[in-house]
Amino acid sequence: MPAALAVFAHPDDIEFRAAGTLLRLREAGWEIHYWNLSSGNLGSTVMNARRTASVRRRESQEAAALLGATWHPPFANDLQLFYTDANLRRICAMVRRIQPSIVLTHPPLDYMEDHTISCRLTVTGTFARGIPNYRSNPDRRHTLKPVVLYHSAPHGLKGPLGEPYVPGCFVDTGALHAKKRAALLCHRSQKEWLDASQGMDSYLVALDEDARTLGRASGKFKAAETWTRHLHLGFGGMDEDPMRDVLKSRYIGNRSGRAVNPVTG
């Protein structure tokens, strides 16, 4: 069975950016994997860090179960996720173990460093899967199986300096949005935190608005998630696009190269 691995920074990042696509792949018979690299321990103004990590772990497990995904535990805490040899070896081991055909992760630049570092770790850890002399932790045999890596939309649908975001493709998530929303709702602790720290008013409203904005930008779908493929070198053939091949009419490329407008779509 083909597999897709989503590697993101914090509990709830997958729900915001990748849950609809994972559900589409699962519909097509794929095995889906859910991995947050950080515990989310700093994501509260009312609980201490240890309690927050425990609560967020349970919330992410609940969300993964709702999505039908295999959950994998984090190995770092918030703001302690660094581009290190030890962390690269952990990522590489997971990729070698699952041998996904698709890896989903953050964009190379996002508004906070945990997201950017998660992306960098995922890119290099995935690239290293086929290097025989690179020893993963735990140690697993190298694999040259092709894997295509896709980057999600940045949070806020803009780059970290406010630059326009131009997606590579759109995935139709309209019929799956209610389930995606229910998965985000599993992260109950985050309503207070996101309201207080980032002025999101309601994280569910933010989810809905982003989905509609991306749907309008597609020119076809009511709600969407967007992706940009990582350069093929070291990952798969130049023309390989398993997301396109599997999702068919639920996928369209951004042939016009049009940027997303977070206000009007």
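The values are calculated or read from the model by the stated rules, or taken from the named source; none is laboratory data. From a predicted model like this one, the values you see are computed outputs, not experimental measurements. When we count neighbours, we look across all protein chains shown, and the Cβ atoms used for this are built from the backbone with ideal geometry, even at glycine.
Yes/no matrix, rows are residues, columns are (1) within 28 Å of Pro11 (Cβ to Cβ); (2) at pLDDT below 90; (3) of a type outside the set (Ser, Thr, Tyr); (4) over 19 Å from the mean Cα position of the chain (by Cα):
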residue	(1), (2), (3), (4)
Tyr203	yes, yes, no, no
Asp208	yes, no, yes, no
Arg212	yes, no, yes, no
Phe221	yes, no, yes, yes
Ala224	yes, no, yes, no
Trp227	yes, no, yes, no
Leu247	yes, no, yes, no
Arg258	no, no, yes, yes
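Which of the residues spanning segment 163-189 are out of contact with any helix residue (DSSP H, G or I) (no Cβ under 6 Å at 6 or more places or on another chain), surrounded by 18 or more Cβ atoms within 10 Å (Cβ to Cβ) and touching a residue at least 60 places away in the same chain (Cβ under 8 Å)?
Selection gives Pro167, Cys169.
Pick from segment 26-36 the residues that are surrounded by 24 or more Cβ atoms within 10 Å (Cβ to Cβ) and not aromatic (Phe, Trp, Tyr): which of them is farthest from Leu121 (Cα to Cα)?
Ile32
Rundown of residues vs (1) touching an Asp or Glu at 6+ places or on another chain (Cβ under 7 Å); (2) under 25 Å from Val148 (Cα atoms); (3) surrounded by fewer than 21 Cβ atoms within 10 Å (Cβ to Cβ); (4) without any contact (Cβ under 8 Å) to a residue 60 or more places away in the chain, yes/no style:
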site	(1), (2), (3), (4)
Ser202	no, no, yes, yes
Val205	no, no, yes, yes
Glu209	no, no, yes, yes
Gly215	no, yes, no, yes
Phe221	yes, yes, no, yes
Leu231	no, yes, yes, yes
Gly237	no, yes, yes, no
Asp245	no, yes, yes, yes
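Of the residues Thr84, Thr52, Thr70, Thr21, only one is closer than 27 Å to Leu144 by Cα, over 18 Å from the mean Cα position of the chain (by Cα) and either surrounded by 19 or more Cβ atoms within 10 Å (Cβ to Cβ) or not hydrophobic (A, V, I, L, M, F, W, C) (or both); which?
The match here is Thr84.
Just for segment 136-162: of the residues that are of a type in the set (S, T, N, Q) and not in a strand (DSSP E or B), which one is surrounded by the most Cβ atoms within 10 Å (Cβ to Cβ)?
Of everything passing the filter in segment 136-162, Ser136 is surrounded by the most Cβ atoms within 10 Å (Cβ to Cβ).
Go through segment 163-183 and give me each residue that's in a loop (DSSP other than H, G, I, E, B) and of a type in the set (Gly, Ala, Ser).
Matches in segment 163-183: Gly168 only.
Can you tell me how many residues in segment 1-18 are at pLDDT 95 or above, more than 19 Å from His177 (Cα to Cα) and either surrounded by fewer than 24 Cβ atoms within 10 Å (Cβ to Cβ) or not aromatic (Phe, Trp, Tyr) (or both)?
Of the residues in that region, 7 qualify.
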